[in-house]
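Trainee: Sharing a structure with you now.
All of the numbers you see were taken from the coordinates with simple rules; none came from a lab. Worth saying up front: this structure is predicted, and the values here are computed from it rather than measured. No Cβ is skipped: glycine too gets one built from the backbone with ideal geometry, and neighbour counts run over all protein chains shown.
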Amino acid sequence: FDKKLPEKPMEVLLVVDSTQGQNVVQQARGFSAAVGVTGIVLTKLDGTSKGGVVVSIVDELKIPIKFIGVGEKVEDLLLFDPVDYVEALFP
């Protein structure tokens with residue numbers, strides 16, 4: 001990567017399903033060790049899942065949540081806003 005795009009910043013995003021609970025932490029731990037994950041994309045937050053695993057990932061692994069998926073369309077992929085997230089958890 002560095003030889004082809006030395007001036008471009010690189011992101012390694014891990015896309016995870018929020019309905020998988022604590023299994024997501026294991027996935028993030030493994031992938032981060034293997035490839036140096038720089039951010040998480042948390043999908044399926046439009047259903048019953050509240051995505052509580054976010055707290056564990058950020059606290060334990062220090063990997064930021066970059067995007068959340070709240071639907072099936074491209075426009076349903078949103079930048080993660082921690083304030084909005086907490087407000088949605090406690091309406």
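Trainee: What's the local net charge at Leu14, with K and R +1, D and E -1, over the other residues with C-beta under 15 Å away?
Mentor: For residues surrounding Leu14, the net value is +1.
Trainee: Using only the alpha-carbon atoms, what does the stretch 18-91 span along each of its principal axes? Please give whole angstrom values in decreasing order.
Mentor: Answer, in whole Å and largest first: 34, 26, 20 Å.
Trainee: Right, something else. Applying a 10 Å radius around every beta-carbon, put 19-26, 84-91 in order of their mean neighbour count, most first.
Mentor: Going by the mean number of other Cβ atoms within 10 Å, highest first, we get 19-26, 84-91.
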